[in-house]
Amino acid sequence: MTLNSTLQAIDATHFRQVMRYLPSSVVAICAEDPEDGAPCGLIAGTFQSLSLEPALVTFSVARSSTSWPKISRADYFSVNILADGQQSVCKSLSSKGGDKFLTIHWQDSAYQTPHIQGSLGWIDCAIGHELDGGDHLIVIAHVLEMCAGEGDPLVFHGGKLGSFRESVAA
């Protein structure tokens with residue numbers, strides 16, 4: 001008996017309802033499209049560190065994304081760690097079509113990647129691998145340079161964007 005023959009189909013709606021209890025990061029993955037030089041970006045809620053040596057990060061992106069093909073054509077991309085209060089940046093980069101950067105203030109990095117102003121930090125990366133993840137691609141990237149500031153991160157939890165509030169355990 002193989003694992004695939006014993007797995008039951010999981011209802012996608014139920015899966016989403018259960019998984020919404022796990023808070024996730026909110027990062028903006030951005031690059032400059034090498035075809036026209038315009039900034040492009042998307043929001044990822046699956047970003048995490050993968051390895052210290054070498055420094056690697058990972059995230060998942062929907063196969064249906066129209067922004068990822070533009071980003072993956074670039075030599076480098078940035079990961080902008082969104083701060084509490086940057087919900088409008090999240091909304092812009094989550095939108096379909098149009099100029100997603102119309103209302104976003106950003107500056108070019110040494111790697112020609114957009115660094116979004118007001119973010120808690122940024123990580124400049126190069127794609128290492130793209131792996132199959134069902135209806136998503138799992139991206140593993142090499143960290144080239146990074147910088148962080150201070151503040152509260154923007155967090156996605158329970159279908160809502162908000163902030164993380166630290167509490168002391170009793």
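The values are calculated or read from the model by the stated rules, or taken from the named source; none is laboratory data. Everything numeric here is computed off the predicted structure, so don't read it as measured data. All Cβ positions, even for glycine, are placed from backbone atoms using ideal geometry, and neighbour counts span all protein chains on display. Protein only, heavy atoms only, side chains kept; ligands, DNA and RNA dropped before computing areas. Shrake-Rupley method; radii C 1.70, N 1.55, O 1.52, S 1.80 Å.
On a per residue basis, the chain carries 63 Å² of accessible surface, using protein heavy atoms and a 1.4 Å probe.
A helix-only calculation puts the chain at -3500 deg cm²/dmol for mean residue ellipticity at 222 nm, using -39500 (n - 2.57) for each DSSP H run of at least four residues, averaged over all residues. What distance in nm separates the two pseudo spin-label positions at R73 and S95, each 7 Å out from Cα along the beta-carbon direction? Distance between label points: 2.2 nm. For the chain, the residue among S92, C125, G151 whose Cα projects farthest onto the positive side of the dipole built from Cβ charges is S92. Carbon and sulfur: what percent of the chain's accessible surface (1.4 Å probe)? Roughly 55 percent, rounded to a whole number.
Relative contact order of the range 1-149: what whole-number percent is it, with Cα pairs under 8 angstrom and at least 6 residues apart? Computed value for the range 1-149: 24 percent relative contact order. Ranking of V18, V89 by solvent-accessible surface, largest first: V18, V89 (1.4 Å probe, protein heavy atoms only, all chains present). Our compactness index for the range 38-110, the C-alpha radius of gyration over the empirical 2.2 N^0.38 Å, is 1.16. Each Lys and Arg adds +1 at its Cβ and each Asp and Glu adds -1 at its Cβ; summed about the Cα centre, the chain shows a dipole of about 700 debye. Considering only Cα atoms, the convex hull volume of the chain works out to 171 Å³ per residue. Full extension of the segment from D36 to A62, taken as 0.36 nm per residue of separation minus the current Cα-Cα distance, would add 7.0 nm.
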